[in-house]
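Down below is the structure, laid out as structure tokens.
Since every read-out is calculated from the coordinates, none of them should be taken as a lab result. None of the values given here were measured: they were computed from a predicted structure. Reconstructed Cβ throughout: ideal geometry from the backbone, glycine too, with neighbour counts over all protein chains shown.
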Amino acid sequence: MKWNWQQQDWPKFRFKKDDTLDKLELEFIYKAGLNYGAYNHINSHDKENLTIELISEEALKTSEIEGEILNIDSLQSSYTKEFWFSYRSS
């Protein structure tokens, strides 16, 4: 599949709607709702740990794209200190 700007008729954008995206969108919305519901039923300590883990994973993946290798334990430690500092300051 070509990128939009690689199409012969660029910059005219054409989109053929079919059921494929509708099904994927409904699946995404359903799973997002399950995650939201589950998140609302865990305690604040577990929410903090989950948030730190998700942020750390995203930072790790982003750094890999940029060609840098980070230590996940160091990231999580930094985020934990920041969360604790923010909590104590408020």
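Assorted remarks:
- Loop-located chymotrypsin sites (Phe, Trp or Tyr not before Pro) in the stretch 1-65 whose Cβ has at most 16 other Cβ within 10 Å (DSSP): Trp3, Phe13, Phe15
- Straight-distance crosslink candidates among lysines, where the alpha carbon sits under 22 Å from Lys16 and sequence neighbours closer than 8 are dropped: Lys2
- The stretch 1-39 versus the stretch 55-75: alpha-carbon centroid distance in Å: 27 Å
- Under 12 Å, Cβ to Cβ, from Glu64 - net charge with Lys/Arg +1 and Asp/Glu -1: -3
- 10 Å Cβ shell holding at most 14 others, DSSP loop, GluC sites (Glu not before Pro): longest site-free stretch of the chain: 1-65
- Sparse-neighbourhood loop sites, trypsin sites (Lys or Arg not before Pro) in the stretch 5-90 - DSSP loop, at most 11 other Cβ within 10 angstrom: Lys12, Arg14, Lys16, Lys17
- Report summary: the helix-based calculation at 222 nm, which adds -39500 (n - 2.57) for every DSSP H run with n ≥ 4 and divides by the residues of the chain, gives -23500 deg cm²/dmol.
- The chain, dipole about Cα centre (Lys/Arg Cβ +1, Asp/Glu Cβ -1), debye to the nearest 20: 400 debye
- Dimensionless Rg ratio for the chain, taking C-alpha atoms and the 2.2 N^0.38 Å reference: 1.65
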